[in-house]
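S.K.: Sharing a structure with you now.
The values are calculated or read from the model by the stated rules, or taken from the named source; none is laboratory data. Quick caveat, the model's predicted, so the values are computed rather than measured. Glycine gets a Cβ as well: all are built from the backbone with ideal geometry, and neighbour counts include every protein chain shown.
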Amino acid sequence: MSYKGRATVNANLRSAEMRITVIGSGYVGLVVGACLADSGNEVVCADVDERKVEKLWKGEVPFFEPGLDDIVLRNVQQRRLRFTTDVERAIRDGGVIFIAVGTPQGDDGSAEMRYVDAVADTIGQALGGGENVLIDGLKIVLTKSTVPVGTSDRIREIIGRNAKQPFVVCSNPEFLKEGDAVNDFLKPDRIVIGTPETPEGTVARRALHELFEPFNRTHDRMLFMDVRSSELTKYAANALLATKITFMNDLANLAERVGADIERVRVGIGSDPRIGYQFLFPGTGYGGSCFPKDVKALLHTSEVSGHPLRLLAAVDAVNKDQKRILLRKIIAHYATEDLTGKTFAVWGLAFKPRTDDMRDAPSIDLITGLLAAGAKVRAYDPEAAANARYYFEDRITYCDGKDACLEGSDALVIVTEWSAFRSPDFDLIHRTLKAPVIFDGRNLYEPERVAARGFTYYAIGRGVALPV
Ligand SMILES: NC(=O)c1ccc[n+]([C@@H]2O[C@H](COP(=O)([O-])OP(=O)(O)OC[C@H]3O[C@@H](n4cnc5c(N)ncnc54)[C@H](O)[C@@H]3O)[C@@H](O)[C@H]2O)c1
């Protein structure tokens, strides 16, 4: 590869001296940037959103992620973490470039690539000449974003249109969970890195091994592989987890029909170590910023590549149905699809606890359905109300607390399992609701105990069953 133009060659690979650029300061990019700065690297986070960057400079994290604000503030104060809207300058300043922009669902289900493409183009411009920080003569570009198989080739092609300095494109999918993201990044189960089998790939493997070493203390968690396998690994993990959840949801609906209790079945099967207890909780369907769009994107990839994943297509369809399960139970309870005059207290809006993320949250399907049926909604979520306004605007009432939410409501509907909802004051709920009815989408309570307190209690796969 030809090497033209001036460059600062950063040949010293000690992680303390690595200069890192993270493009996209969202849930993933900010965690990556802050945690890499905290382990001693000099990090610049670039984002096109000026308001976000302004807030970050003040140490304010523009979304809710436990523990992240402390790390951001500490590293800004210690000058290891900077923020900028000048993406090209940031690319010049980093030896390792993480692409962490969004890859939302496109119209046909495929991953929307325009943000990734735009970043690739800017990297190409930055490498088109002038000063650039390089590692062993190379700019190392990593895709953190979840991207379809073949994207690294696409990025390499886009960068190559303008680049005059050497670069290598590798895959490094992120497995963090919102709500526990910092811990997941600092103590990962595995660090998957896809590199090409080229001399540049060898340089990248060595540099990345050094970069991720601090997160690898007890044993080696780094899994090096080819780029396409790495890209597919991320989708495979999310698709398998979505399948596990969906299997349990489907089974829960069957359990109701046949008079079994899904919670007992869950414990019965989870005790088998080949199955395990994780991701066996039935609920209102998976949502969030990853599973729905990643399942759709993998399905799209499978279809265009001539091997449609039939099992995954069923998972997608069953999940769509499950997101209406609470609405179906409500309609069955009142024996009418017209809910005019009824008001529902909704506990939980975020797609899961410990986040303010509303992307593809099951609460959207529920509340949209309730409003369409003529009902009114009073909702409470400890963190997600501001983001929920984007979806519901002033069409629902946002309450300050879970008890205030109950006032004037006909029934309580639980959508997100925030821990504050686990041991409520049942007497207060009974006194405040117009009728003692709970629709619990998260199986938070024991049906017998809630029934003994005088409630009609609908749960998922237990409690009062949907009429056959
Ligand atoms: N959120 C998760 O839990 C999670 C977990 C693992 C992987 N991922 C993947 O990581 C990627 C990012 O997800 P996220 O949730 O952090 O997204 P996000 O929407 O929270 O953040 C993306 C950021 O990129 C910025 N951006 C867009 N175009 C840009 C450009 N050209 N230059 C600079 N900045 C730009 C946006 O302003 C935004 O701040 C996605 O591919 C997602 O699938 C997400």
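S.K.: Taking GLY109 as meeting all but one of (1) outside any strand (DSSP E or B); (2) out of contact with any Ser or Thr (no Cβ under 6 Å at 6 or more places or on another chain); (3) closer than 15 Å to GLY24 by Cα, write down the number of the exception.
M.R.: The failed condition is (3).
S.K.: Residue under question is ARG217, and the condition is that it be away from the ligand (no atom under 16 Å from the Cβ), assigned by TED's automatic domain parsing to the domain that holds ALA181 and at pLDDT 95 or above; does it hold?
M.R.: no
S.K.: May I ask you to list the residues in the range 64-104 that are over 18 Å from ASN132 (Cα atoms), near the ligand (Cβ under 10 Å from one of its atoms) and either at pLDDT below 95 or crowded, with 17+ Cβ neighbours inside 10 Å (or both)?
M.R.: Of everything in the range 64-104, those that are over 18 Å from ASN132 (Cα atoms), near the ligand (Cβ under 10 Å from one of its atoms) and either at pLDDT below 95 or crowded, with 17+ Cβ neighbours inside 10 Å (or both) turn out to be GLU65, ALA100, VAL101, GLY102, THR103.
S.K.: When residues of the range 278-313 are filtered for being part of a loop (DSSP other than H, G, I, E, B) and of a type in the set (Val, Ile, Thr), how many remain?
M.R.: Result for the range 278-313: 1.
S.K.: Would you be able to say whether some residue in the range 389-409 is assigned to a strand (DSSP E or B), surrounded by 22 or more Cβ atoms within 10 Å (Cβ to Cβ) and among the aliphatic types (A, V, I, L, M)?
M.R.: There is no residue in the range 389-409 that is assigned to a strand (DSSP E or B), surrounded by 22 or more Cβ atoms within 10 Å (Cβ to Cβ) and among the aliphatic types (A, V, I, L, M).
S.K.: Let me ask something else. Please state which one of PRO382, PRO436 is crowded, with 20+ Cβ neighbours inside 10 Å, in contact with a Gly (Cβ under 9 Å, 6 or more places away or on another chain) and without any contact (Cβ under 8 Å) to a residue 60 or more places away in the chain.
M.R.: The conditions single out PRO382.
S.K.: How many residues does the range 234-255 contain that are under 17 Å from VAL318 (Cα atoms) and either small (Gly, Ala, Ser) or at pLDDT below 95 (or both)?
M.R.: Count: 4.
S.K.: Look at ALA126 and say whether it is surrounded by 18 or more Cβ atoms within 10 Å (Cβ to Cβ), modelled with pLDDT of 95 or more, closer than 24 Å to SER171 by Cα and near the ligand (Cβ under 8 Å from one of its atoms).
M.R.: no
S.K.: Regarding GLY150, is this residue surrounded by fewer than 22 Cβ atoms within 10 Å (Cβ to Cβ), over 26 Å from the mean Cα position of the chain (by Cα) and either more than 12 Å from the ligand (Cβ to nearest atom) or among the acidic types (Asp, Glu) (or both)?
M.R.: no
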